[in-house]
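The values are calculated or read from the model by the stated rules, or taken from the named source; none is laboratory data. Keep in mind it's a predicted model, so treat the numbers as computed, not measured. As a convention, Cβ positions derive from the backbone with ideal geometry for all residues, glycine included, and neighbour counts pool all protein chains shown.
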Amino acid sequence: MKFIEKLSAAWTTNNSLLCVGLDPDRDRFPAHLKDQPDAIVTFCKAIIDATADLACAFKPQIAYFAALGAEGQLEEICRYLREHYPHIPLVLDAKRGDIGATAHQYAREAFDRYGADAVTVNPYMGFDSVEPYMAWPDRGVIVLCRTSNAGGSDLQFLDVGGIPLYQHVARLVADQWNRNGQCALVVGATFPEELAQVRAIVGDMPLLVPGVGAQGGDVAATVGAGKTANGAGMMINSSRAILYAVPQDGEDFAAAARRVARQTRDDINRFRN
Ligand SMILES: O=C(O)c1cc(=O)[nH]c(=O)n1[C@@H]1O[C@H](COP(=O)(O)O)[C@@H](O)[C@H]1O
């Protein structure tokens, strides 16, 4: 099944546009997990099991694993997702960008090693740096467009022939790069006006929208600006706000994550129709 079809099915099955980000930071783990050798796997599996019926996607961020030499644990988590939740898209957040030959190796890493359904990529080096990922036609290629951080404006707002660069990227991907219907774009929830501009340019193309939760993006504004005509079209990512939710009334960390994930999913759904 193609990435876009899998994502559409997950939107419907779980009635959710919420993408649960897996950014495991040992320093923020519960005390009883911190010293375990496989703490990252234990933590992420618990989060996955607690939120899988509330999510349209899971998005592990590779730096949180690679920084600790924990790629083996990322492999195990990806295998767990594929085996236990094969209907939920696995988005590897790697933001890769390099010349074609190297990009091909990054694509093998994302799609063959980790078995990801989609990967985030950086468009700065142009089409021949993105094209190698398209040799996997059933996988998604999610291109950075208008990122959620303030510094994204440094380059993404530069005027290129009367429009800002991020709009040029949106047009380029929609009109030229998306030959196989496998592309999506990253647009931050922290910039709803730009999100609306991108939606107007790209039609129903899926958008990965990080920035609600810890980064403070407004859910109502995000959904209003980014939804498609059928009230979907987005993977709205939240990572830290879910992963490190503060337990209430004797909850454990996974129950707290579930509570915040459900609240976020439901908040999003209030503005979809
Ligand atoms: O590609 C991404 O996922 C991404 C793009 C972007 O513009 N901003 C952004 O925050 N992200 C990622 O989305 C996640 C946001 O995490 P929280 O701020 O904790 O919800 C992190 O894994 C970021 O690396």
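Odds and ends about this structure:
- Candidate set from segment 224-273 (those that are of a type in the set (A, V, I, L, M) and away from the ligand (no atom under 16 Å from the Cβ)); member that is farthest from VAL119 (Cα to Cα): ALA255
- In a residue-by-residue description of segment 136-144, the property of being within 15 Å of the ligand (Cβ to nearest atom), touching a Ser or Thr at 6+ places or on another chain (Cβ under 6 Å) and within 21 Å of VAL209 (Cα to Cα) applies to at least one position.
- Matching option when the condition is surrounded by fewer than 23 Cβ atoms within 10 Å (Cβ to Cβ) and either among the β-branched types (Val, Ile, Thr) or out of contact with any Pro (no Cβ under 6 Å at 6 or more places or on another chain) (or both), among ASP93, ASP49: ASP49
- Residue list for segment 67-97, filter: among the aromatic types (Phe, Trp, Tyr) and part of a loop (DSSP other than H, G, I, E, B): TYR85
- Filter result (of a type in the set (A, V, I, L, M), surrounded by fewer than 21 Cβ atoms within 10 Å (Cβ to Cβ) and out of contact with any helix residue (DSSP H, G or I) (no Cβ under 8 Å at 6 or more places or on another chain)) within segment 186-219: ALA200
- The residues of segment 45-65 that are hydrophobic (A, V, I, L, M, F, W, C), in contact with a helix residue (DSSP H, G or I) (Cβ under 6 Å, 6 or more places away or on another chain) and in a helix (DSSP H, G or I), listed by number, are ALA46, ILE47, ALA50, LEU54, PHE65.
- Matching entry among ALA107, ALA67 (being more than 16 Å from the ligand (Cβ to nearest atom), farther than 12 Å from VAL20 by Cα and among the small types (Gly, Ala, Ser)): ALA107
- All conditions but one from (1) without any contact (Cβ under 8 Å) to a residue 60 or more places away in the chain; (2) over 28 Å from ILE40 (Cα atoms); (3) surrounded by fewer than 16 Cβ atoms within 10 Å (Cβ to Cβ) apply to TYR166; the one that does not is (3).
- For the criterion of being within 14 Å of the ligand (Cβ to nearest atom) and under 14 Å from ASN149 (Cα atoms), GLY217 passes.
- Where a residue in segment 54-76 is among the basic types (Lys, Arg) and at pLDDT 95 or above and its partner, wherever it lies, is crowded, with 21+ Cβ neighbours inside 10 Å and in a loop (DSSP other than H, G, I, E, B), with Cβ under 8 Å and at least six apart: LYS59/SER239
- Test: residue in segment 194-211 that is of a type in the set (Asp, Glu), within 12 Å of the ligand (Cβ to nearest atom) and on the phi < 0 side of the Ramachandran plot: yes
- Looking across ARG113, ARG96, one residue alone is of a type in the set (Lys, Arg), farther than 20 Å from SER8 by Cα and within 15 Å of the ligand (Cβ to nearest atom). It is ARG96.
- Checked against the criterion of being touching a helix residue (DSSP H, G or I) at 6+ places or on another chain (Cβ under 7 Å), of a type in the set (Lys, Arg) and away from the ligand (no atom under 16 Å from the Cβ), the candidates ARG171, ARG79 yield just one match: ARG171.
- Tabulated pairs, segment 107-127, first under 11 Å from CYS78 (Cβ atoms), second β-branched (Val, Ile, Thr) and part of a strand (DSSP E or B), C-beta under 7 angstrom, 6+ apart or interchain: ALA110/VAL119; ALA116/VAL91; ASP117/VAL91
- Annotation note: Cβ proximity below 6 Å between a residue of segment 184-211 that is within 18 Å of ASN122 (Cβ to Cβ) and a residue that is assigned to a loop (DSSP other than H, G, I, E, B) and among the polar types (S, T, N, Q) (sequence gap 6+ or interchain) occurs for GLY188/THR147; GLY188/SER148; PRO210/SER148; GLY211/SER148; GLY211/THR190.
- Taken over segment 1-44, the residue count meeting the criterion of being buried (at least 19 other Cβ atoms within 10 Å of the Cβ), in a helix (DSSP H, G or I) and within 16 Å of the ligand (Cβ to nearest atom) is 5.
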